[in-house]
Structures are given as structure tokens and as C-alpha cells.
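What follows draws every value from the coordinates through simple rules; no lab data is involved. This one's a predicted model, so the numbers in the text were calculated from it and none came from an experiment. Neighbour counts run over all protein chains shown; Cβ positions are idealised from the backbone, glycine included.
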Amino acid sequence: MKIGITCYPVYGGSGVVATELGKALAARGHQIHFIAYSMPFRLGHVTENIYYHEVSVNTYPLFEYPPYSLALTSTMVDTVKYEKLDLLHVHYAVPHAASAVLARQILEKEGLCLPIVTTLHGTDITIVGQDPSFAPVVAYSINESDGVTAVSDYLRKETFDRFPIDNEIEVIPNFIDTERFHRLDKEHFRRALCPNGEKVLVHVSNFRPVKRATEVVEVFHRLKQEGLSVTLLLVGDGPDRAPAEHLARQLGVYGDIRFLGKQDPIEEILSIADVFLIPSGSESFGLAALEAMACGVPVVSSDIGGLPELNIDGETGFLCPLGDVDALTEATRRLVTDEALHARLAENARARAVDTFDLEHIIPHYEAYYEHVLERRMAQIGC
Ligand code: GMT
């Protein structure tokens, strides 16, 4: 199949999922055309079966806000026409689904058929999409898509609860390449960071307030106060990094925390982790937690959103009530002090990543869904 993929190329889990999906589909013989405003950061070098079409937005003195969505639509139209794409798969509804619906209308006028699949990722439904400046367009473009997928049951339900949706939504969970994400031998790295054999707590995020990174610092502080030998690696960057640093200084634990900023490859850091903390206030899936699990790291998370579909309480980690720092601390304490418990949950976490979320299981779902959408569209309008 020839498939166009549009995503946010520089930030966030939706771009990671879209890019890894494109790479996996290309490896299975499909021809993949990324349509985005810059090269997706996880793409690496362009390989066989992978093409990249850059959206360039014309600036003009009249445009205080250059119309990116329209430039994207035009690039979609050109790419479909000249590359003869079978289907367009857009990730994150705002504004990609609307651009795709418009592209489909333009192409229909020219007698071309373009089925669209929209994948909902999270904040496009729960936060950004809720804004009155976007909400009617989000609902319309979801209803107009030929296929809609959501990354968790939770997100599917939220979409129906929050928008007037009369389309079907298929749940296809996120996935991981468990051959790339596995525990590597990084003992030298561990010894360098933890010369006294400290247990390693890790948090990876974009440090937006919704990730509640400061709670991770609070948990760490409490464990240090109890005299536990722990260190904390904070990976990523964003608006809450400075508040997290400030809190760490106030609590007197700044010197025991490494603020590592954005890091790649993340599996090297996860390979020395003992516990992964993700106390988010909103998380439709929690791809960062899945990456940790694939590296055999038990997860301490909040119990909201799609996290309970991924992190099984008492089996792959612990679920804690949102904002309950006592519960987060207790769960982390158990994992750093009880070796048998830690070993069991670490093994289960890896097994769940491999058995349930490995890309070899999930990519065929997408392929089958594309076939289904194509057949249905052909039957509908005979294209
Ligand atoms: O909001 C973000 O954290 C970024 C966002 C994205 O779309 O780039 O992440 C969402 O999609 C990820 C991939 O499907 C999910 O793993 C994240 O849980 C989800 N984030 C939220 O729901 C907050």
C-alpha cells in the first residue's frame, strides 16, 4: 500500500508513534510518505520505502498567523496526486484531520479517492480539542474521517463523552519495538552515576504541568529523608523543569538529582533505572511508561486515563490515586527496598510489553484496519 502519514514531527508521543508506525510499515513492504513541516525526529535517515514531503508555509505581511493547515492540505493534495497514495493516516486531530478532510474534498472534485484514517492521541481530545476555538472542527473532522482510531479504551470513551460523535472508533493501542527497547548492559554508566550503589528513579516527560514532575521531586525528597540510598534522573525539558529545579533546591535534594534534559537513545538511561515514575494528571496511554516496561522497569503511576490499561497494579508496577504523594512514595519505597518484589514486577513489566504491546502484534491491526477502511470507502463511493 502507498500510505501518507502526517504528524507533529518535533515533539510528543503522537509524533513518535506515527514515525515508528511508518518505519514498521515500510519494513513490511509498504511505501510510506511522511507529510510534515519538518523531518520527524525519530525517522533517522530516510530508508527504502520512506519518503518525506515538507510542508512549507508561505508568509505574507497580511498573515499575522500564517495558515499552516491550508498549506498542509495543499501538500496532501499534491502528494496524493503525484505519488498515487492509497490512503492518508493523520495523527493528532488538531489540525491534521481537518486538513485531510479538506484535501479529500478537493481530490474528489478531481475524481480521486482518498480514504482518511485519523488517530486520536490524547490532548487533541482531552485538552486542546476542548477549546471552543477548535471543538466544532475536531468533532466534524472525526465524524468525516473514513476511519478513526484511539490509542486506548479510555480515550475512545472520552471522545464519545466529550464530542457529538456518530462515527465508529477503533482502539489500536500504542506499541513498542521490544528488540530495540530492552535492558542493555550499562553497568559502567550506572557505576558512574551511582558510585555508592544507589537505586535509580527515573522520570521522562516534556515537563508540562500535566506531567506533575514536581511530585516526583517530592517523592524523592521523602525517600532521602528516610535515609534510603536513591538517586533521581529527570529526563526531558519543558515549562515545569524550572519549578522542579526550584523545589529540589528548596528541599535540599538538588545535588542528588540529575537533570539530564532531552536524551536519545532513551533506552540507555532506562537500562539503569530501578523505578519509573509517571504521576500524570492526564495520560491517554503513557508511551514513556511502555518504553520503561520494555526495559524491565516497574512503573509507579497515577491511576488515571489509559494508564491502568498499561500498568497493572501489583503486577507491572503500582497505580496510585492522582496527587497522592504518600501513595507514590510508599509504592516507590516498596520497589527500592524489596528485591524479590522488584524482580517479579520488573520481569512482568518486560513480559507485558513483549506479549501485549510489541509492534509485531500491533502493526497487523493497522494493516487490517487500512484494508477495512479502503474496502468500505470503495463500496460507498465506488472509487
Ligand atoms: O500530550 C502529550 O504528552 C503529547 C501527546 C502527543 O500527542 O504527542 O501525547 C499523547 O499521545 C501519546 C502517544 O499516543 C500518549 O502516549 C500520551 O499518553 C498522550 N498524552 C496525554 O494524553 C497527555
What are the ³J(HN,Hα) couplings of region 275-280, residue after residue, when phi is run through the Karplus curve with 6.51, -1.76, 1.60 and θ = phi - 60°? Round to Hz, x for glycine and proline.
9, 10, 10, 9, x, 3
Order of 303, 338, 161, 240 - criterion: other Cβ atoms within 10 Å of each residue's Cβ, fewest first
161, 338, 303, 240
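Counting only C-alpha contacts under 8 Å and six or more residues apart, can you give the relative contact order of region 1-132 as a whole percent? Numbers along the way, then the final one.
Working: 232 pairs, mean separation 32.0, N = 132.
For region 1-132, the relative contact order is 24 percent.
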What is the mean projected area of the alpha carbon convex hull for region 31-93, to one decimal in square nanometres?
5.3
For region 258-338, what relative contact order do you get, as a whole percent, if you take Cα pairs closer than 8 Å and at least 6 residues apart?
27
Express in nm, to one decimal, how much length is gained between residue 167 and residue 143 on full extension, taking 0.36 nm for each residue of separation and deducting their alpha carbon distance.
8.1 nm
Considering only the other residues whose Cβ falls under 11 Å of the Cβ of residue 85, what net charge follows from Lys and Arg at +1 and Asp and Glu at -1?
0
Counting alpha carbon pairs within less than 8 Å and at least 6 residues apart, what relative contact order, in whole percent, applies to region 66-122?
41
The distance between the Cα centres of region 97-149 and region 264-284, in whole Å, is 31
Number of Lys pairs (Cα under 26 Å; 8 or more positions apart or on different chains) in the chain:
19
Between residue 82 and residue 361, take the C-beta separation as r, use R0 = 41 Å, and let me know the FRET efficiency to the nearest 0.05.
0.75
Starting from the Cα-Cα distance between residue 338 and residue 368, subtract it from 0.36 nm times their residue separation and give me the gain in nm to one decimal.
6.4 nm
Where does the chain land on the Kirkwood hydrodynamic radius, alpha-carbon pairs, in angstrom?
21.8
What is the Cα convex hull volume of region 187-357 when expressed per residue in Å³?
100
What is the set of long-range amide H partners of residue 318 at a cut-off below 5 Å, with H atoms built 1.01 Å from backbone N?
299, 300, 301
Could you give me the radius of gyration and the Dmax of region 102-194, taking only the C-alpha atoms into account and expressing both in angstrom?
19.6, 64
What does the extension gain come out to for residue 45 and residue 263, with contour length at 0.36 nm per residue minus their alpha carbon separation?
76.6 nm
Please report the spacing between the Cα centers of region 32-89 and region 183-197 in Å, no decimals.
42
Counted neighbours (other Cβ, 10 Å), sorted fewest up, put 188, 45 in the order 45, 188
Using a 10 Å cut-off around each Cβ, can you sort 7, 113 from fewest to most neighbouring Cβ atoms?
113, 7
